[in-house]
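First comes the structure, then the notes that go with it.
Read-outs: derived from the displayed coordinates by stated rules, not from any lab. Note that this is a predicted model, so its numbers are computed, not measured. Here Cβ is always computed from backbone atoms with ideal geometry, including for glycine, and neighbour counts include all displayed protein chains.
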Amino acid sequence: MDLSRQIETLNLLVDAFSQTCYDVVITYGARAQTAYRHKTYSITRETTGIFLPDGALTAYVMESYERGYLTILLADSYLRAKKPDDAKVELRRLDQELFAPLYNYGEDPVNLLLSAVLWEQLGDPGEARVDWLRLRDQVGALKGLEPDIRSFAERQLTRIDRGETVQPAWQIYGLGTLPGVEWDLKFTGSSNGYFRVRPNAGFLPACASDTGLRIPTQHWFEKIAVRHSHAYHPLLNVQSWIRLPIGIVYSLVPVAAGAGVAVGGCVTDAAGKGNGQLCELSIRGGIALMRQAPKVLKGALEPDFRHWEHMPSAFVVTRASHLREEPCARDLPDRDLAQAVKF
C-alpha cells in the first residue's frame, strides 16, 4: 500500500476485503479515511493548474459516497473480525460522513441501505430504523430509482415497529464493477460546465421482492458526472471556464504550425522550381498537423474524473439462503452471480 497513490490504495482495499484480509482493511482503511477526507488548498497549485489538465497538480479527495463506502467496509471488517463495538463506532461515523459540510458532500441511498442492514446484523433495530426511514424518504426524491425501493423500506419500518427480526439474517452481495467514464465537450444545454458525461456501460435496474432488494450505484456515478457543475463545485466550475480560452490558444498552435508547413513547403518548391511534389507533401503534412487541433483542445480541457474504480455497480440485500434464490438476482447472468462479492 502506497498512500500517496490514492486511487490505487482504495482499489487495493476492496481487493483485500474480497480476499477476507480484514486486518489490512482496518489498518490501511483507517489511514486512508483520514488522509483522503479533506482538500488542502494551495493558491499556487490552484492557479498553476488552470494551465494544465484538471487535477494534474492536486491530490485526489474522496467523494462523499466514497467516504461512506469506506466507512461501510471498515464497519463490516470489524464485524467479521468479531469487534462489534468498533463496527458500531464506524457506523455512527457514517452519519458524520453523510452530512458533514465538506468539499465533497451529500448522502446517498446505497450507503443508507448498507448501514441499515449492518445495524440489524449488529442487533440494533433502533439504529437500523433511522436508516430505513432515511432511505424511504430519500428515494422518493431521487430520479431513476424504482418506487418499489421506497415501499421495501416502508415494509422494514413496519416490521421493526412490530418488534419482528429478520429471519433468516440479511446477506449483502456486491455485483459487477462501477462503469468507466466517457466524456465529450458540450457547450450548450449542459449543467455540468461544458462536459457531457456518461458511463461506458449501463446499470442494472432497481428491483424489490418479498425477500430482498437490488439497488444500483448509479447515484454514485452521477456524483462524478456533476463534479464540475456550479451548484456542486463552484471552484471547479470556474476553473474549467477559465481553462477554456487557454485550451483554445493551445489548439491554435498545431493550426498555425500546419499552415506554416504547408505554405513554407510550397514557397520553397516554387523558389527551387520544383515539380510540385514538395508542395504536395507539405500540404498533406500541414493538414495532418492541423487535424491535431481538436485533440489538443480536448487534452487541455480534460476534466478530473478520477474515482474509486473497484466498486460494485449494484448491491443485492436478501434474506434468501443463496444469491441464486433471490428473485431480484434470477435475471442475472451466471458469470455475474459467480463473481458476486459477499459482504
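Observations on the structure shown:
- Potential lengthening between I287 and R162 on full extension [0.36 nm per residue; Cα-Cα distance subtracted]: 37.5 nm
- Proxy reagent accessibility, fewest Cβ within 10 Å first, across M290, M62, M1: M1, M290, M62
- Gyration tensor verdict on the range 216-343 (Cα atoms; rounded if a/c is under 1.5, prolate if a/b is larger than b/c, oblate otherwise): oblate
- Three-way shape label, the range 237-299, alpha-carbon gyration tensor, a/c 1.5: prolate
- Helix 234-271 axis, angle to the chain major axis (alpha carbon atoms, nearest 10°): 30
- Gaussian network model of the chain, Cα within-10 Å springs - most flexible of Y22, Y41, Y78: Y41
- Ordering of 161-171, 217-227, 264-274, 236-246 by packing [mean C-beta count within 10 Å, highest first]: 217-227, 236-246, 264-274, 161-171
- Measuring between alpha carbons in the structure, the pairs from K82/K342; K39/K223; K223/K298 lying more than 19 angstrom apart are K223/K298.
- Ranked by the mean number of other Cβ atoms within 10 Å of their residues, highest first, the peptides 312-324, 275-287, 106-118, 173-185 fall in the order 106-118, 312-324, 173-185, 275-287.
- Summed over qualifying helices (DSSP H, 4 residues or more, each -39500 (n - 2.57)) and divided by its residue number, the chain shows a 222 nm mean residue ellipticity of -17000 deg cm²/dmol.
- Taken one residue at a time, the phi angles of the range 66-76 give Karplus couplings (6.51, -1.76, 1.60, θ = phi - 60°) of 6, 4, x, 5, 4, 5, 4, 4, 5, 4, 5 Hz. Gly and Pro are set to x.
- Shape call, the range 78-208: gyration tensor on alpha carbons, a/c limit 1.5: prolate
- Descending principal axes extents, the range 268-322, alpha-carbon based, whole Å: 86, 24, 12
- Sparse-neighbour loop sites [trypsin sites (Lys or Arg not before Pro); the range 16-63; at most 15 other C-beta within 10 Å; DSSP]: K39
- For A314, nonlocal amide neighbours, meaning residues 5 or more places apart or on other chains whose placed amide H falls under 5 Å from its own, are L175, T217.
- Relative contact order of the range 237-299, pairs being alpha-carbon contacts under 8 Å that are 6 or more residues apart, as %: 43
- Principal-axis analysis of the Cα atoms of the chain puts helix 6-18 at an angle of about 40° to the longest axis.
- In this Cβ point-charge picture (+1 for Lys and Arg, -1 for Asp and Glu), the chain has a dipole of about 720 debye about its Cα centre.
- Extension gain from Q19 to A35, taking 0.36 nm per residue of separation minus the Cα-Cα distance: 3.4 nm
- Selection from Q6, G49, L70 lying farthest towards where the dipole of the range 1-100 points positive, charges on Cβ: L70
- Modelled this way, with points 7 Å down the Cα-to-C-beta line, the labels at A271 and A338 are 6.9 nm from one another.
- A81 versus L252: modelled label distance in nm, points set 7 Å from Cα along the beta carbon direction: 5.8
- Backbone geometry of the range 80-85 corresponds, through the Karplus equation with coefficients 6.51, -1.76 and 1.60 at θ = phi - 60°, to 3J(HN,Hα) couplings of 6, 8, 6, 10, x, 5 Hz, x marking Gly and Pro.
- At R0 = 35 Å, FRET efficiency that the Cβ-Cβ distance of V89 and H322 yields, to 0.05: 0.65
- Taking the convex hull of Cα positions in the chain, its mean projected area over all directions (nm²): 21.9
- Extension reserve of the E309-E280 stretch, reckoned as 0.36 nm per residue once the Cα distance is removed: 5.6 nm
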